[in-house]
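The values are calculated or read from the model by the stated rules, or taken from the named source; none is laboratory data. Since this is a predicted model, take the numbers as computed values, not measurements. Cβ placement follows ideal geometry from the backbone for every residue including glycine, while neighbour counts extend to all protein chains displayed.
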Amino acid sequence: MKKILLYIMFGGVLFTSCKTDEDLTVADEVVDIATQNTYDDQAAQKYLTTNYFDSQGKIVAYSDTDTSDDNYPSLSTYNVTTLPSGVVVVMIPTAQPSPGKTINSEDVLRLTSISKSVVAKKVNDIPTFTTYQDFINTINTGVPEVDPFYFYAKNSILNGNARSYFEIEGFQEGIKLFKSYEIPDVNNYNMQGVIIVPSRAAFARDSNALDALISGQVLSFVDRSFIFNVQVYKTTTRTTAQY
């Protein structure tokens with residue numbers, strides 16, 4: 001019952017596998033935190049070179065067999081911002097609102113995103129994001145996510161836990177570098193960019209609400225980084241009833 005209630009409160013967070021590691025040699029090892037942090041950072045840099053934005057700002061991996069994507073610049077060729085926390089933000093210059101609206105810490109977001117969680121491990125001795133799992137995909141539903149708990153956890157779901165049990169600090173940092181559009185939910189998406197949150201700026205090795213939600217399953221959010229491909233449709237000031 002607890003897991004069902006959490007699922008309802010979280011609006012149906014996805015945990016479906018979307019990519020395999022094929023025939024690559026993946027080091028299945030538990031490393032110390034400092035090493036994991038290094039893997040996260042190096043895997044993020046590799047990700048920037050092996051993926052690009054399509055015409056609607058959706059992140060796509062370069063094909064090894066199809067040359068039609070060769071003319072797309074990699075994410076690494078954009079202006080890449082790396083925050084002290086290790087969070088990496090890449091904005092698409094032509095996809096930002098003008099003037100846009102500043103995103104504040106307690107705002108209610110209406111967010112379109114294709115977001116995944118990953119683990120940085122050595123693949124053929126190179127730190128690489130592996131075990132991709134869908135986290136949120138509003139493109140599939142066609143409806144923006146409203147007031148995501150990982151940005152602001154409302155009092156109604158805390159149940160005695162700290163907000164850090166729910167919120168992803170690195171996402172909070174990264175999303176506030178963007179400006180919000182003020183557009184209706186029915187508009188087609190045009191992603192503004194990507195936020196890559198290393199595990200140390202997510203849940204690291206701490207207990208968290210996502211692990212509680214899927215307790216008993218194989219997936220754990222320990223050491224998981226997050227990739228948020230996002231567009232902020234709208235923000236509103238949180239009312240008293242929304243705290």
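Would you mind finding the one in Val146, Val118 that is surrounded by fewer than 22 Cβ atoms within 10 Å (Cβ to Cβ) and not polar (S, T, N, Q)?
Being surrounded by fewer than 22 Cβ atoms within 10 Å (Cβ to Cβ) and not polar (S, T, N, Q) holds for just one of Val146, Val118, which is Val146.
Output yes when any residue across region 207-229 is of a type in the set (A, V, I, L, M), in a helix (DSSP H, G or I) and within 24 Å of Glu29 (Cα to Cα), and no when none is.
The answer is yes; a qualifying residue exists.
Condition (residue is among the hydroxyl-bearing types (Ser, Thr, Tyr) and closer than 24 Å to Phe129 by Cα) applied to region 184-207: is it met by at least one residue?
Checking region 184-207: at least one residue is among the hydroxyl-bearing types (Ser, Thr, Tyr) and closer than 24 Å to Phe129 by Cα.
Given (1) crowded, with 21+ Cβ neighbours inside 10 Å; (2) under 16 Å from Phe171 (Cβ atoms), identify the lone condition not met by Thr128.
So Thr128 meets the others, but not (2).
Counting residues that are modelled with pLDDT under 95, which strands (runs of 3 or more DSSP E) fully inside region 69-141 reach at least 1? Show your work before the answer.
Details: elements: 80-82, 88-91, 108-123, 126-137.
Once the strands (runs of 3 or more DSSP E) in region 69-141 are filtered for at least 1 residues that are modelled with pLDDT under 95, what remains is 126-137.
Output the number of residues of region 31-74 satisfying the condition of being within 21 Å of Val222 (Cα to Cα) and hydroxyl-bearing (Ser, Thr, Tyr).
Count: 4.
Tally time: how many residues in region 34-77 are more than 27 Å from Ala204 (Cβ to Cβ), surrounded by fewer than 19 Cβ atoms within 10 Å (Cβ to Cβ) and free of Cβ contacts under 8 Å to residues at least 40 places away in the same chain?
So the answer is 17.
Quick check on region 136-143. Is at least one of its residues of a type in the set (A, V, I, L, M), surrounded by fewer than 21 Cβ atoms within 10 Å (Cβ to Cβ) and under 26 Å from Tyr47 (Cα atoms)?
yes
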